[in-house]
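The structure appears below as structure tokens.
The values are calculated or read from the model by the stated rules, or taken from the named source; none is laboratory data. Worth saying up front: this structure is predicted, and the values here are computed from it rather than measured. Glycine also receives a Cβ, built like all others from the backbone with ideal geometry; neighbour counts cover every protein chain displayed. The accessibility values were calculated without ligands, DNA or RNA, using every heavy atom of the protein model including side chains. Shrake-Rupley method; radii C 1.70, N 1.55, O 1.52, S 1.80 Å.
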Amino acid sequence: MATVADTLDWAARRCSVMPPSSWISSTTATANEFKDFLNEVAEEILDRLDLPSPITKTATMTSASSALPSDFLRLTRDDMAVFETTSVRRRCIPVNSDNDWTYLNQIGSAGGHRYFRVEGDEDAGFTMDFYQALAAGDSITVSYVSRNWLRTAGGVAGETWANADDVLLLPPPVVRLGVVWRFRQRKGLPYADILAEDDTRLSRAINDRRTIRS
């Protein structure tokens, strides 16, 4: 797999910029711009695309209020992102409004559905609450997108680029093109053709993940 440094080297050459001997230690304005663009591209891809493992992961919830993994970014965008895996196999229904959640807990539900909500933030961490509360032995499987988009040589996933040999877990062509058009846009250079190619590749990657259609 491509390293993060290799990916930025390619993007720099495409922009007619000499890559630094070390992206990690370089503090030039140009190097910092490229690293900022890299982070922007990673954020966009993780927001728009449910990539396969190790970007998409699963977690198991076994209590009424469970802490989600520390690398949780968002739920995958599919109907079965949260479902029961014990005696009653059913999808769980999201509740997005605090008022709806309060109403549900005060009034109750006449049906046999299981509801959930996600609370928290990146600093404090995220939790998932369930109604009706999980009984002993109940289990919920959660499919989520990790915020970790690279892996160190030692096999540790992370979201902060700190080593020259860190491996990129995102599609390298999309990352390269995303960095290039952002750099060209910042410098007032033509970038529409690169942006169009980037959008095409990203859209193709999104469609390739949607193998089940209705």
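Give the Kirkwood hydrodynamic radius (Å, one decimal) of the chain, defined as one over the mean of 1/r across all pairs of different Cα atoms. Its Kirkwood hydrodynamic radius stands at 19.5 Å. For ALA192 and ARG77, the difference between the fully extended length at 0.36 nm per residue and the C-alpha to C-alpha distance is 38.5 nm. Within the accessible area of the chain, the carbon and sulfur atoms contribute 49%, probe 1.4 Å, all protein chains present. Estimated from the Cβ-Cβ distance and a Förster radius of 30 angstrom, the FRET efficiency linking ARG14 and SER70 is about 0.30. The slack between GLN132 and ASP36, meaning 0.36 nm per residue of separation minus the straight C-alpha distance, is 30.2 nm. Of TYR191, TYR131, TYR144, the order by accessible heavy-atom surface (1.4 Å probe, DNA, RNA and ligands excluded), from most exposed downward, is TYR191, TYR131, TYR144.
Mind checking the range 19-106 for trypsin sites (Lys or Arg not before Pro) that DSSP puts in a loop (not H, G, I, E or B) and that have at most 16 other Cβ atoms within 10 Å? Working shown, then result.
Working: sites: LYS35, ARG48, LYS57, ARG74, ARG77, ARG89, ARG90, ARG91; in loops: ARG77, ARG89, ARG90.
Taking the range 19-106 and a limit of 16 other Cβ atoms within 10 Å, the loop trypsin sites (Lys or Arg not before Pro) found are ARG77, ARG89, ARG90.
Here the gap between THR27 and THR58, fully extended at 0.36 nm per residue and compared with their Cα-Cα distance, gives a gain of 7.4 nm. Extending 7 Å from the Cα toward the beta-carbon at both TYR103 and SER139 defines two label points whose distance is 3.5 nm. When the surface is traced with a 1.4 Å probe over the full set of protein chains, MET128 keeps roughly 0 Å² accessible. For the range 1-128, the solvent-accessible area works out to 56 Å² per residue, with a probe of 1.4 Å and every protein chain left in place. In the chain, helices alone account for a calculated mean residue ellipticity at 222 nm of -11500 deg cm²/dmol, with every DSSP H run of four or more residues adding -39,500 (n - 2.57). Taking Cα centre as origin and charging only the Cβ of basic (Lys, Arg, +1) and acidic (Asp, Glu, -1) residues, the dipole magnitude of the chain rounds to 640 debye. Between the C-alpha center of the range 1-50 and that of the range 162-210 there is a gap of 10 Å.
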